[in-house]
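Since the structure comes first, as structure tokens, the remarks are kept for the end.
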Amino acid sequence: MGSYRFIISGGGTGGHIYPAISIADELKRRHPDAEFLFVGAKDRMEMEKVPQAGYKIEGLWITGIQRKLTLKNVLFPIKLISSLIKASNIVSRFKPHAVVGTGGFASGPLLKAASGRNIPCVLQEQNSFAGITNKLLKNKVAKICVAYDGMERFFPADKIVKTGNPVRADLISIQENQSDALGFFGLNTQKKTLLVLGGSLGSKRINVLIADNLEFFKSLNLQLIWQCGKGYIKTYEGQNSDSVKIHAFLNDMAKAYAAADMIISRSGAGAVSELCLVGKPTIFIPSPVVAEDHQTKNAQALVAEDAAIMIKESDLEEKFKEEFLTVFESEEKRERLSKNIKALALPNATKDICDEIEKLLN
Ligand SMILES: CC(=O)N[C@H]1[C@@H](OP(=O)(O)OP(=O)(O)OC[C@H]2O[C@@H](n3ccc(=O)[nH]c3=O)[C@H](O)[C@@H]2O)O[C@H](CO)[C@@H](O)[C@@H]1O
């Protein structure tokens, strides 16, 4: 049999990119001769992260539509037409056997072009609230792999398969030991370590919270790995010290998770899926500005199982220290949270998604 060709399209934020890379890695493991092409949006994170993972990527000139009348909006129809033409050329040239869309604007034109040529397409929706691009594509694709129950609200029921979200292979069973990981970050192996994650782009509010509480953490003899986001590194890099390690972006998440004793994180779908596998005591601070408040729903699903703590941004001022201490000071609580969050992990997601893709090849 000749080798397969796959196009994987998605991006904008890490939340759409990493699932795409995990799926490609598993397809490659199954079909070592297969060819892969990624299609993302020009100027977005995928243009850097996908080549780092060893795959080719082409960028479309596309952005989302804004609610206000802005220059970006005036350009939107032009960008859309240009992207549709480029997507169509890419599909004609590469002739994929199957196409996978993981959400984000670039996957819109690409999957539209592919489905128009009767190439089988699969969508992967990470969140409990479907993204706009995936909703627009729902009738054009063969299968939609989801991570939450109740997705019939958005998609045709007969196309839905509940698989969970892909997690990169090195995060499914982390091999790193804690002392080595602490050494990697230049931290003290005798101290407890707090890992702070602001989501792939970083979080302004979490950064302010951490900066305001550096003395508090110091008083607890805690050291920090603090991922602040590319846009915030200039503001915070001056705070780097022996016990506070600030990073714009963590390229080696396995080491970061291995180093941590406790974690504070946004509750993007990818972060949540990974943290279930990691199984450490976690405090979620959901972003309140995402569609339908879906990060709060992602976190609530875990809180309901006594598997994590959630503090809303609006409560941080009043409750942060107290809530933090209830976890930090109780070994029994930390153990319970770890055990319960681990029980929610779906480690076979990537395999199950690839099984669905393979069914369409035959
Ligand atoms: C602000 C925003 O729109 N957030 C959305 C975005 O989140 P965001 O892009 O933050 O994505 P997720 O939380 O889903 O995943 C983040 C991914 O980036 C990785 N990572 C993160 C930080 C770092 O330093 N290094 C690193 O590798 C994580 O390991 C994870 O794989 O997509 C998610 C999935 O559609 C949504 O649920 C979020 O609401």
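Observations, loosely collected:
Here's the yes/no breakdown for (1) buried (at least 24 other Cβ atoms within 10 Å of the Cβ); (2) at positive phi; (3) within 14 Å of the ligand (Cβ to nearest atom):
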{"position": "Ser9", "(1), (2), (3)": "yes, no, no"}
{"position": "Tyr18", "(1), (2), (3)": "yes, no, yes"}
{"position": "Pro32", "(1), (2), (3)": "no, no, no"}
{"position": "Lys42", "(1), (2), (3)": "no, no, no"}
{"position": "Met45", "(1), (2), (3)": "no, no, yes"}
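- So Ser203, is it under 15 Å from Tyr236 (Cβ atoms), within 16 Å of the ligand (Cβ to nearest atom) and under 22 Å from the mean Cα position of the chain (by Cα): yes
- Residues of the range 240-272 classified as under 26 Å from Glu331 (Cβ atoms), polar (S, T, N, Q) and within 15 Å of the chain's Cα centre (by Cα), total: 2
- Filtered residues of the range 286-320 (kept if within 24 Å of Met151 (Cα to Cα) and in a loop (DSSP other than H, G, I, E, B)): Pro286, Ser287, Pro288, Val289, Val290, Ala304, Glu305, Asp306, Ala307, Ala308
- Considering residues of the range 275-290 that are near the ligand (Cβ under 8 Å from one of its atoms) and open to solvent by 20 Å² or more (accessible area, probe 1.4 Å) only, the residue modelled with the lowest pLDDT: Val290
- Single unsatisfied condition, Ile353 versus (1) over 21 Å from Gly14 (Cβ atoms); (2) outside the structural domain of Leu187 (by TED's automatic domain parsing): (1)
- Count of residues meeting criterion [exposed (fewer than 15 other Cβ atoms within 10 Å of the Cβ), over 14 Å from Ile309 (Cα atoms) and not small (Gly, Ala, Ser)] in the range 330-346: 2
- Taking the criterion of being open to solvent by less than 50 Å² (accessible area, probe 1.4 Å), part of a loop (DSSP other than H, G, I, E, B) and under 19 Å from Lys42 (Cβ atoms), the residues of the range 92-137 that qualify are Thr102, Gly103, Gly104, Ala106.
The values are calculated or read from the model by the stated rules, or taken from the named source; none is laboratory data. Just so it is clear, the structure is predicted and the values come from calculations on it, not from any experiment. Cβ: placed from backbone, ideal geometry, glycine included. Neighbour counts: every protein chain shown. The accessibility values were calculated without ligands, DNA or RNA, using every heavy atom of the protein model including side chains. Shrake-Rupley method; radii C 1.70, N 1.55, O 1.52, S 1.80 Å.
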